[in-house]
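Here's the structure, in structure tokens; my notes come after.
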Amino acid sequence: MKNRFPLGQLLIEKRIITPEQLDKALKKQKDTGELLGSVLLDLGYIDEETVFLPLLAGQLGVDFISFKDMQIPSMAIKKLPAKFASHYKIMPCDFKDNVLTIATTHPLDVHLIDEISSVVNARIKTVLASEKEILEAIRQYYGVGAETIEQMMGSVQQNIVSRDQSAVIEDETEASISKFLNQIIFEAYQDRSTDIHIEPYEDELKIRYRVDGILYDAKVPANIKVFKDAINSRIKILSNLNIAEKRVPQDGRFKVRVNEADIDLRVSFLPTQYGESVVLRVLNSARLFDLGELGFSKEEIKIVDQVIKRPHGIIFLTGPTGSGKTTTLYSFLSKVNTEDKKIITIEDPVEYQLKGITQIQINPKVGLTFAQGLRSMLRHDPDIMMVGEVRDIETAEIAIQVALTGHLVLSTLHTNDAASGIARLLDMGVEPYLITSTVECLIAQRLIRVICPSCKQNYTLTEDVVREFDGKEVKQIIGYKGVGCEKCHFTGYKGRESIYEILVFNEQIRNLIMARATAGQVKEAAVKNGMKTLIQSGWEKVKKGVTTVDEIFRVTKEES
């Protein structure tokens, strides 16, 4: 039965809002012309899902549902085409006794019910649900861009019947492919994905997103496999790559603007048995992170500030691929990028465009290698130079010569920890005296996942875990973990930051290098001098409630 009380009076009677709050909302409603419920939501006086919608459902005389923990039967999904669900923002949620239950934000809209009845051979029952949950359910059950794929499948079938209209249909399909690709990219951007993987297999085309270092399947329609070549061609056109070439790897990049967001993507094509596999790297070119945001502690920031402000020498960042070295290097550059400094970088590839910095991308096909680029960079009178990676003895020796002549050089090495960077240079053939004369600091890093704040819970760490990390007197320590929720894809983690191991050279370290000491001996001496290892840095973040014990074990397993 329809409730006879107006919404404002009902909320006051249930002591959800005060008369003063209602008066303020009514005044704002008079100015804006919005519905009272929308005004109360904007002012933060009521919550939509727990207060407003259940009350509204009672007033309208319909049921209110939430899709959380609900499993929608496949028969209900099949009754309503994806294009209808997306266009009207409605979601089928049950089908029994020839009655299709539809969730909508406008359950009494007669026009909407008539439209649905025209395509569904069943009686319609409407229930109230939040728009956010409806849209999420459409994405979960129909797949990303399902209505677009459905439209293109219709065009393909029409093309089989009407050959004379094929040119028009091809134009429509091309536009739809562009729309579908935009939907995939925008969803990845919203989910904070770093990479989009488009992978062909014998009987399917799989799309996966990498979020916080972990790959997740994107929910896409099964018939997307029909359009895999069209999707690849669209990406190649945007990236200015050769559409006809499918036998060799190709790399490129492009920018798109989707829903007011400018998204920069780096593209890589790789030929496989069942077609070309594509990876799109989503680059966060909008802003650079300061050192605190990256995960540096206050003590570590002081050390880094002292090192990067030195007039000459080399600073190496070490770690495996995907550990965030490039992002950290760019943050270092942004701190020293002033009008009185000339900064040049040579990279493979250039990931972020930085104002005020001259950036070069290597091109081995025409002889532009890291070593050749370094030689040429010297003629441009730089103060600071960044070399994407020291891969061989030639690049290492030139970088050292550049540092000896009064330049600050930033670069990376692929080693597991900071001390191993010294061993790597020695293995390349760099003489110990050159290392001690030029290298100022080695910084190892790893990316760790941060506990989701929405489902964070505390617990007492076991004595064995505390002893494993601290190695001292065992005491009770509170740890934290995420139990999993919708906001973190039920992983318990949302976002990432870094842990660091900073090895600053002193007289003792230089003497050990001259004696060709092992990486273990150098590390032992550095720890005695106060260096925090990656594990110790991670343990500090565990105690602060930033991450979990399991995550630290995962990223530092070589050290463990």
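The values are calculated or read from the model by the stated rules, or taken from the named source; none is laboratory data. All figures in this text were calculated on a predicted structure; none of them were measured in a lab. We place every Cβ from the backbone using ideal geometry, glycine too, and count neighbours over all the protein chains shown. Remember, those area values only see protein heavy atoms, side chains included, never the ligands or the DNA or RNA. Shrake-Rupley method; radii C 1.70, N 1.55, O 1.52, S 1.80 Å.
Among the Cys residues of the chain, which have no other cysteine Cβ under 4.7 angstrom away?
C93, C441
Is there a quick way to get the dipole size of region 1-137? I mean about its Cα centre, with the Cβ of Lys and Arg at +1 and of Asp and Glu at -1; what is the value in debye to the nearest 20?
Approximately 280 debye in magnitude.
Consider all pairwise Cα distances in region 354-430 and report the whole-number % of them above 22 Å.
Across region 354-430, Cα pairs with separations above 22 Å total 24 percent.
Among DSSP beta bridges whose residues both lie in the chain, state the antiparallel percentage, nearest 5.
Restricted to the chain, the bridges split so that about 65 percent are antiparallel.
Nearest 20 debye, what's the magnitude of the dipole of region 231-292 about its Cα centre given +1 on Lys and Arg Cβ and -1 on Asp and Glu Cβ?
180 debye
Heavy atoms of the protein only, probe of 1.4 Å, neighbouring chains included. What is the accessible area of L128 in Å², nearest 10?
0 Å²
Given the C-alpha centroids of region 514-560 and region 339-372, what is the distance between them in whole angstrom?
Each part reduced to its Cα centre gives a spacing of 32 Å.
Near Y201, within a Cβ-to-Cβ distance under 13 Å, what is the net charge of the other residues, with Lys and Arg +1 and Asp and Glu -1?
Result for the neighbourhood of Y201: -2.
Tell me the angle of helix 228-239 to the major Cα principal axis of the chain, expressed in degrees between 0 and 90 and rounded to the nearest ten.
Computed tilt is about 60 degrees.
At 20 °C and 1.002 mPa s, what whole-number value in µm²/s does Stokes-Einstein give for the translational diffusion of region 190-256, with Rh from the Kirkwood sum over Cα pairs?
D = 160 µm²/s.
Can you check how the C-alpha radius of gyration of region 410-560 compares to 2.2 N^0.38 Å, as a plain ratio?
1.22
Of F332, G292, A403, which is farthest on the positive side of the dipole of the chain, counting Cα position, with +1 on Lys and Arg Cβ, -1 on Asp and Glu Cβ, and the Cα centre as origin?
Positive-most Cα among the choices belongs to G292.
Compute the signed sum of charges (Lys and Arg +1, Asp and Glu -1) over the other residues within less than 10 Å, Cβ to Cβ, of L280.
Around L280, the surrounding residues sum to +2.
What's the local net charge at A76, with K and R +1, D and E -1, over the other residues with C-beta under 14 Å away?
Computed value for this residue: +3.
Helix 131-142 against the longest principal axis of the chain: what's the angle in degrees, Cα atoms only, rounded to the nearest 10?
80 degrees
Mind checking region 52-110 for trypsin sites (Lys or Arg not before Pro) that DSSP puts in a loop (not H, G, I, E or B) and that have at most 13 other Cβ atoms within 10 Å?
K68
At a 10 angstrom cut-off on C-beta neighbours, averaged per residue, how do the peptides 209-219, 445-455, 535-545 rank from highest to lowest?
In decreasing order of mean packing, 209-219, 445-455, 535-545 become 445-455, 535-545, 209-219.
Given that compact globular proteins tend to follow 2.2 N^0.38 Å, what is the ratio of the alpha-carbon Rg of the chain to that value?
Taking N as the residue count of the chain, the ratio is 1.20.
Can you compute the equivalent ellipsoid semi-axes for region 299-434, i.e. the square root of 5 times each eigenvalue of the Cα gyration tensor, sorted largest first and rounded to whole Å?
20, 19, 16
May I ask for the distance between the Cα centers of region 407-465 and region 188-250, given as a whole number of Å?
33 Å
Return the calculated 222 nm mean residue ellipticity for the chain, to the nearest 500 deg cm²/dmol, obtained by summing -39500 (n - 2.57) across DSSP H runs with n ≥ 4 and dividing by the residue count.
After summing the helix terms and dividing by the residues of the chain, the value is -12000 deg cm²/dmol.
Among the lysines, which fall within straight-line cross-link reach of K225, defined as a Cα-Cα distance under 22 Å, with same-chain neighbours fewer than 8 residues apart omitted?
Counting by Cα, and skipping residues close in sequence, K225 has these lysines nearby: K78, K83, K179, K206, K236, K246.
Assuming a viscosity of 1.567 mPa s and a temperature of 4 °C, what translational diffusion coefficient in µm² per second does Stokes-Einstein assign to region 203-319, Rh being the Kirkwood radius over Cα pairs?
Rounded, D is 73 µm²/s.
With every protein chain left in place, what is the accessible area per residue of the chain in square angstrom, probe 1.4 Å?
51 Å²
Using all alpha carbons of region 478-560, what is the percent of pairwise distances in each 10 Å bin, ordered from the shortest bin to the longest?
16, 37, 25, 14, 7, 1
Roughly what angle does helix 325-336 make with the longest principal axis of the chain, taking Cα atoms, 0 to 90 degrees, to the nearest 10?
The helix 325-336 is inclined about 70 degrees to the chain.
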